[in-house]
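Each remark here refers to the structure printed beneath this line.
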Amino acid sequence: MLMKDKKGLIVGVANNKSIAYGIAQACHKQGAKLAFTYLNESLEKRVRPIAEEFGSEYIYPLDVNKPEELENLAKYIAKDFGKIDFLVHSVAYAPKEALDGQFVNTSKEAFNIAMETSVYSLISLTRACLGVMNDNGSILTLTYLGGMRCLPHYNVMGVAKAALESSVRYLAVDLGERGIRVNAISAGPIKTLAASGIGDFRMILKWNELNSPLVKNVTTEEVGNSALYLLSDLASGVSGEVHYVDAGYNIMGIGRITQDSEGKTALAWDVKE
């Protein structure tokens, strides 16, 4: 089993539709021992049954924007695990109003919230866990194509994801001497709780399905399997990378060219029916 005797922390599971859930599931199937965090009492009620599903009694409170909770997290891990081998950061947030309208109208407050919660949290969480992480470990975060390209309704989160991807590279250099690898997965659009705040999301899902090379959307299981690779020793030579799991959509320049019922050239979107 790829993750036998490996111990890891999953930060950011909201429910069993979360990408982080898919990652936890893949790691658990390969023998990993897991711990989880929850943001508040409401989410604790969702996360605790998930932890139990994966045979874990370790679930810790964590608001990544509170230094005292980060400090306590390291103490919990040291007490229950001694040290961990991998860390999954699946945390992002921006005020809903910042995901609509024009990016130029983003308020300073919304910008700071998005950057602190979605980007700085990777840095602060990594720093908090370094003392309880084994050498040759692995850290993984989640990004999206909106960090590389301008996508509708993504606005300030696109800028945050760009900063997150840059942070992955700098952290990879900082931690490389200990053999700790830092990578990101850029997943295609998936129906998650986080995605519910993005306008026209159904249209985005359909567009990706019709225009990706594999002509489909990806699942949390598929993202989980790719994460398993990056978190395991199979990826011992990989660090500072953004790995796309989006059915190939990121390579496309325009939509897929196909033919309509009359044999005329058209975009797949135009002949979807």
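Just so you know, all these numbers are worked out from the coordinates, no wet-lab data involved. As the structure is a prediction and not an experimental result, all values here were calculated from the model. Cβ sites come from the backbone with ideal geometry, for glycine too, and all protein chains shown count toward neighbours.
Overview of values
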| item | result |
| --- | --- |
| Compactness of the chain - radius of gyration and Dmax, Cα, Å | 19.0, 68 |
| Gained length - Thr219 relative to Arg169, 0.36 nm times residue gap less alpha-carbon distance | 15.4 nm |
| Estimated inter-spin distance, Glu177 and Lys29, nm [label 7 Å along Cα→Cβ] | 3.9 nm |
| Cβ-Cβ FRET estimate between Ser42 and Gln102, R0 fixed at 30 Å, reported to 0.05 | 0.40 |
| Burial ordering of Ile84, Ile113, fewest other beta-carbon atoms within 10 Å first | Ile113, Ile84 |
| Above-threshold pairs, the threshold being 29 Å between Cα atoms, out of Lys4/Lys191; Lys33/Lys75; Lys6/Lys96 | Lys4/Lys191; Lys6/Lys96 |
| Long-range HN-HN contacts of Arg181 with modeled amide H, under 5 Å | Gly137, Ser138, Ile139 |
| Under 15 Å from the Cα of Lys216 - aspartates and glutamates, other chains or at least 8 residues apart | Asp246 |
| For the chain, calculated [θ]222 nm from helices alone, where every DSSP H run of n ≥ 4 adds -39500 (n - 2.57) | -11500 deg cm²/dmol |
| Sparse-neighbour loop sites [trypsin sites (Lys or Arg not before Pro); the stretch 73-150; at most 12 other C-beta within 10 Å; DSSP] | Arg149 |
| Relative packing of peptides 45-53, 215-223, 177-185 - highest average C-beta neighbours within 10 Å first | 177-185, 215-223, 45-53 |
| Per-selection Rg to Rh, the stretch 30-121 - Cα, Kirkwood hydrodynamic radius | 1.06 |
| Angle between the chain longest axis and helix 19-29 axis [Cα atoms, degrees, rounded to 10] | 60 degrees |
| Cβ-based charge dipole, the chain, positive-most Cα from Phe86, Ala20, Val47 | Phe86 |
| Beta bridges by DSSP in the stretch 7-271, antiparallel share as percent, to the nearest 5 | 10 percent |
| Other-chain or far-sequence residues with amide H under 5 Å of Ser186's (modelled H) | Thr143, His243, Tyr244, Val245 |
| Net length gained if the chain between Lys83 and Asn15 were fully extended (0.36 nm per residue, minus Cα distance) | 21.9 nm |
| Rounded FRET efficiency, nearest 0.05, which uses the C-beta distance separating Glu69 from Asp233 and R0 of 51 Å | 0.95 |
| Ile123, Ile251 arranged by Cβ crowding within 10 Å, fewest neighbours leading | Ile251, Ile123 |
